[in-house]
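Accompanying notes for the structure given below.
All of the numbers you see were taken from the coordinates with simple rules; none came from a lab. Note that the structure is predicted; figures quoted are calculated from it, not measured. Here the Cβ positions follow ideal geometry from the backbone for every residue, glycine too, while neighbour counts run over all protein chains shown.
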Amino acid sequence: MIVAIGSGGYIPARIMKHFIRKPIYTVGLSLYEDDKIVANTPRKVQWIEEVEKVLEGKSVLLIDETDDTRTTLSYCVAELLKNNLKELTVMVLHAKDKEKRANFPEGIDNYLIAEKIPDVWICYPWEASDIIAHDQEVAKQNARIGAEAK
Ligand code: 5GP
């Protein structure tokens, strides 16, 4: 089964469902407000009904968009591992190359990163209210990263 961390993991999870064809469960964890970290421990805004034991014995693919400080992912992994899973794979689109505020607990079978990037704020296409403005913003960011790398 796929577990998407909302809301950033929803669209990547939906794309992965096209290939994996397994159900998506969603969890909601809140750490940021207005792009600022507001707590050290994420708040469970939504979670899988644990009394129904839907996670037990399952191979789980946990998906989020970004591994930034790793606070959200490591908290989520620790919570999922309480459910006697068969296997746990974590997948992110982007992992930022920076010092992490939390480490993954023991027990992850695979960690898949689509792309490693420097410590910049990413504006995903699904956050854009205007795709042209989004593309212009991406071009500006890429130019800045390129200039910093020189
Ligand atoms: P972490 O707990 O690793 O610091 O943050 C994870 C969450 O913060 C991700 O699920 C993502 O929603 C959000 N986040 C972190 N960095 C970025 C970023 O650069 N762009 C966007 N759009 N969201 C981010």
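Data table
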read-out: Overall dimensions of the chain as given by Cα atoms, namely Rg and Dmax in Å; value: 16.2, 54
read-out: DSSP-defined antiparallel bridges as percent of all bridges, the chain, nearest 5; value: 20 percent
read-out: Label point 7 Å beyond Cα of Leu112 along Cβ direction - residues of the range 46-80 with amide nitrogen under 12 Å; value: 60-64
read-out: Bridge type composition, the range 1-82 - antiparallel percent by DSSP, nearest 5; value: 40 percent
read-out: Fewest-first ranking of Cys76, Cys123, using other Cβ atoms within 10 Å as the exposure measure; value: Cys123, Cys76
read-out: Estimated dipole of the range 1-124 in Debye, rounded to 20 [Cβ of Lys and Arg +1, of Asp and Glu -1, Cα centre]; value: 280 debye
read-out: Among Tyr25, Thr71, Val51 - extreme Cα towards positive end, dipole of the range 19-99, charges at beta-carbon; value: Val51
read-out: Exposure proxy ranking, count of Cβ atoms within 10 Å, fewest first, for Ser59, Ser7, Ser74; value: Ser59, Ser7, Ser74
read-out: Relative contact order (%) - the range 3-150, alpha-carbon pairs under 8 angstrom, separation at least six; value: 18 percent
read-out: Peptides 89-97, 11-19, 128-136 ordered by average Cβ neighbours within 10 Å, highest first; value: 89-97, 11-19, 128-136
